[in-house]
Amino acid sequence: MLTRVHHAGIVVRSLDEAYRFYRDTLGLPLLEEAEVRDQGVRAALLDAGPSEVELLEPLHGETGVGRFLARRGEGLHHVCFHTPDVAAALADLAARRVELIDAAPRPGLAGQIAFLHPRACAGLLVELATPPATEHHGPASPYRLVRVVAGSRDPHGSVAVLASVLGLTATGTKLVAGPSVVEVLAPEVAGGEGLSALGFEVPDRRAIVERCMGAGIAMHEVGDEIVIDPRLAHGAQLRFRHPA
Ligand code: CO
């Protein structure tokens, strides 16, 4: 039922500041921006086909996203999976007594959306989305978001829970959803507990290095990856590598 990671959501202090990095420096095309009053956010989706990056700026402190920002600072907040029918997916989850935040779909930036409770998802906040039939398509992104990384003290256990709840396949400590994987690693490797990093495939690593150097964004190499520190990327560690 879940075909891919639709987007990874990052809570930011200011959408305009986050644009300067994600849109202007990295070059991710902005697809859509809107105020989602229901969630108390101004939100934007940027293309990183097959998935997107969602930026969330709280409208005020008394919202889930506002409290997240006050407590944890900027950073990865949730992972959203695409499903062709969010209502059917919710009915199936409810029938299996999976704890939900939303019993029924509601409109979000990505279409009809619903959140599962982190208690049901190994501590991760998981969203499901069914985009409108006429999903926006802009200029192609130079990067492909193919990996979302989370830290857990029990990576195998966490992936097994996620695979069972979401009906996805687990391969080692990776949860596979079409072209996307959610990889769960020990917190020391992941960079903390919970959602921590995004992995992109990029045809030419030099292009990203040049863009970041031009903007004074430091990078370092870890194995075959170029890594941008979370402090420079609004709380998400970013990893870039050539396609395998
Ligand atoms: Co979202």
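The values are calculated or read from the model by the stated rules, or taken from the named source; none is laboratory data. Note that this is a predicted model, so its numbers are computed, not measured. Glycine also receives a Cβ, built like all others from the backbone with ideal geometry; neighbour counts cover every protein chain displayed. Please note that ligands, DNA and RNA were not included when accessible areas were found on the heavy atoms of the full protein model with its side chains. Shrake-Rupley method; radii C 1.70, N 1.55, O 1.52, S 1.80 Å.
So which residues in the stretch 109-126 are more than 13 Å from the ligand (Cβ to nearest atom), farther than 17 Å from Leu76 by Cβ and in contact with a helix residue (DSSP H, G or I) (Cβ under 7 Å, 6 or more places away or on another chain)?
Ala120
Which of the following residues is open to solvent by 30 Å² or more (accessible area, probe 1.4 Å), within 15 Å of the ligand (Cβ to nearest atom) and not β-branched (Val, Ile, Thr): Gly64, Gly75?
Details: Gly75 fails: open to solvent by 30 Å² or more (accessible area, probe 1.4 Å).
It is Gly64.
Can you name every residue in the stretch 1-17 that is open to solvent by less than 10 Å² (accessible area, probe 1.4 Å) and either of a type in the set (Asp, Glu) or away from the ligand (no atom under 12 Å from the Cβ) (or both)? Reasoning before the result, please.
Within the stretch 1-17, the first condition is being open to solvent by less than 10 Å² (accessible area, probe 1.4 Å), and the residues that meet it are 5-12, 15.
Matches in the stretch 1-17: Val12, Leu15.
Select from the stretch 47-64 the residues that are under 15 Å from Leu76 (Cα atoms) and of a type in the set (A, V, I, L, M, F, W, C) and list them in ascending order.
Result: Val53, Leu55, Leu56.
Residues to consider are Ala160, Ala207; find the one that is small (Gly, Ala, Ser), in a helix (DSSP H, G or I), within 26 Å of Ala233 (Cα to Cα) and over 17 Å from the mean Cα position of the chain (by Cα). Walk me through how you get there before you give the answer.
Details: Ala160 fails: within 26 Å of Ala233 (Cα to Cα).
Being small (Gly, Ala, Ser), in a helix (DSSP H, G or I), within 26 Å of Ala233 (Cα to Cα) and over 17 Å from the mean Cα position of the chain (by Cα) holds for just one of Ala160, Ala207, which is Ala207.
Just one of the numbered conditions (1) surrounded by fewer than 20 Cβ atoms within 10 Å (Cβ to Cβ); (2) of a type in the set (D, E, K, R); (3) not in a loop (DSSP other than H, G, I, E, B) is not true of Arg147; which one?
Going through the list (1) surrounded by fewer than 20 Cβ atoms within 10 Å (Cβ to Cβ); (2) of a type in the set (D, E, K, R); (3) not in a loop (DSSP other than H, G, I, E, B), Arg147 breaks only (1).
Being more than 28 Å from Lys174 (Cα to Cα), away from the ligand (no atom under 16 Å from the Cβ), surrounded by fewer than 19 Cβ atoms within 10 Å (Cβ to Cβ) and more than 17 Å from the chain's Cα centre (by Cα) narrows it down to one residue among Arg106, Arg20, Arg37, Arg96; which is it?
Just a single option satisfies the conditions, and that option is Arg20.
Among the residues of the stretch 6-27, which ones are in contact (Cβ under 8 Å) with a residue 60 or more places away in the chain, of a type in the set (A, V, I, L, M) and out of contact with any Pro (no Cβ under 8 Å at 6 or more places or on another chain)?
Matches in the stretch 6-27: Ala8, Ile10, Val12, Ala18, Leu26.
Go through the stretch 210-226 and report how many residues are touching a residue at least 12 places away in the same chain (Cβ under 8 Å) and either among the polar types (S, T, N, Q) or assigned to a loop (DSSP other than H, G, I, E, B) (or both).
The number of residues fulfilling the criteria is 4.
How about the stretch 40-59: which of its residues are without any contact (Cβ under 8 Å) to a residue 60 or more places away in the chain and either touching a Gly at 6+ places or on another chain (Cβ under 6 Å) or within 11 Å of the ligand (Cβ to nearest atom) (or both)?
Passing the criteria: Val41, Glu54, Leu56, Pro58, Leu59.
Out of Ala129, Ala133, which single residue is over 22 Å from Phe240 (Cβ atoms), open to solvent by 10 Å² or more (accessible area, probe 1.4 Å) and either outside any strand (DSSP E or B) or not charged (D, E, K, R) (or both)? Step through it out loud before you land on a result.
Numbers: Ala129 fails: open to solvent by 10 Å² or more (accessible area, probe 1.4 Å).
Matching residue, one of Ala129, Ala133: Ala133.
Which condition breaks for Leu166 when tested against (1) within 16 Å of the ligand (Cβ to nearest atom); (2) in the same structural domain as Gly9 (by TED's automatic domain parsing)?
Among (1) within 16 Å of the ligand (Cβ to nearest atom); (2) in the same structural domain as Gly9 (by TED's automatic domain parsing), the lone unmet condition for Leu166 is (2).
Of the residues Ala177, Ala170, Ala160, only one is in contact with a His (Cβ under 9 Å, 6 or more places away or on another chain) and open to solvent by 30 Å² or more (accessible area, probe 1.4 Å); which?
Numbers: Ala177 fails: open to solvent by 30 Å² or more (accessible area, probe 1.4 Å); Ala160 fails: in contact with a His (Cβ under 9 Å, 6 or more places away or on another chain).
So the residue among Ala177, Ala170, Ala160 that is in contact with a His (Cβ under 9 Å, 6 or more places away or on another chain) and open to solvent by 30 Å² or more (accessible area, probe 1.4 Å) is Ala170.
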